[in-house]
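S.K.: Just passing along the structure, written as structure tokens.
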Amino acid sequence: MTRRTNARSDLIGLQAELHAAQAAARLVEQRRAIIARYARLKPGGQPSFCGPTRAERDGTAWHDKGTDDKAIYPDLTSAEAAARELEALGARPMLAYPCRRSRHGHHDLATDEQRMYGRKPKP
Ligand SMILES: [Zn+2]
């Protein structure tokens, strides 16, 4: 292979990497926009994420780590709308559920195992 051919194939490889990185960045931005549209937002405009309650932090209640860091949706309608839009971008099937941590009522999203694997949802 000549030096020129190597340079050309390097350039094609770099262009492919660049396009893949740009597509990944667009997907992240699209996901971020969906979450920002439907999630509960902090005063600064950032989405609120679910975190352990005081009792969970104290160790007086079981710490449900599966719920940590999920975006908080203020109601079922918002959570379901976000789920459908995220799925349209290629996310796995999602199910909106009322979070047990919530004192004032918020919803989180989880993988919809029934649609994904044909399993029955946990009681
Ligand atoms: Zn929650």
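The values are calculated or read from the model by the stated rules, or taken from the named source; none is laboratory data. Computed from a predicted model, the values in this text were never measured in an experiment. Methodologically, a virtual Cβ is constructed for each residue, glycine included, from the backbone with ideal geometry; neighbour enumeration extends over all protein chains shown.
S.K.: Checking the conditions here, which among ALA71, ALA83, ALA79, ALA39 is under 12 Å from the mean Cα position of the chain (by Cα), of a type outside the set (Phe, Trp, Tyr), closer than 18 Å to LEU109 by Cα and away from the ligand (no atom under 14 Å from the Cβ)? Write out each step before concluding.
M.R.: On the way: ALA71 fails: away from the ligand (no atom under 14 Å from the Cβ); ALA79 fails: away from the ligand (no atom under 14 Å from the Cβ); ALA39 fails: away from the ligand (no atom under 14 Å from the Cβ).
None of the others qualify; the one that does is ALA83.
S.K.: Right, another one. Of the residues ARG26, ARG3, only one is modelled with pLDDT under 90 and more than 14 Å from the chain's Cα centre (by Cα); which?
M.R.: On the way: ARG26 fails: modelled with pLDDT under 90.
Unique residue meeting the criteria: ARG3.
S.K.: Which one is nearest to ALA88 (Cα to Cα), of the residues in segment 1-11 that are surrounded by fewer than 10 Cβ atoms within 10 Å (Cβ to Cβ) and not hydrophobic (A, V, I, L, M, F, W, C)?
M.R.: Applying the filter and picking the extreme gives THR5.
S.K.: Still on this structure: Is there a residue being hydrophobic (A, V, I, L, M, F, W, C) and over 23 Å from LEU27 (Cα atoms) anywhere in segment 69-88?
M.R.: Restricting attention to segment 69-88, the residues satisfying the condition of being hydrophobic (A, V, I, L, M, F, W, C) are 71-72, 76, 79, 81-83, 86, 88.
From what's left, over 23 Å from LEU27 (Cα atoms): 76.
The answer is yes; a qualifying residue exists.
S.K.: Test of understanding: among LEU109, LEU89, which residue is in contact (Cβ under 8 Å) with a residue 24 or more places away in the chain and either away from the ligand (no atom under 16 Å from the Cβ) or of a type in the set (Phe, Trp, Tyr) (or both)?
M.R.: Working: LEU109 fails: either away from the ligand (no atom under 16 Å from the Cβ) or of a type in the set (Phe, Trp, Tyr) (or both).
Exactly one of LEU109, LEU89 is in contact (Cβ under 8 Å) with a residue 24 or more places away in the chain and either away from the ligand (no atom under 16 Å from the Cβ) or of a type in the set (Phe, Trp, Tyr) (or both), namely LEU89.
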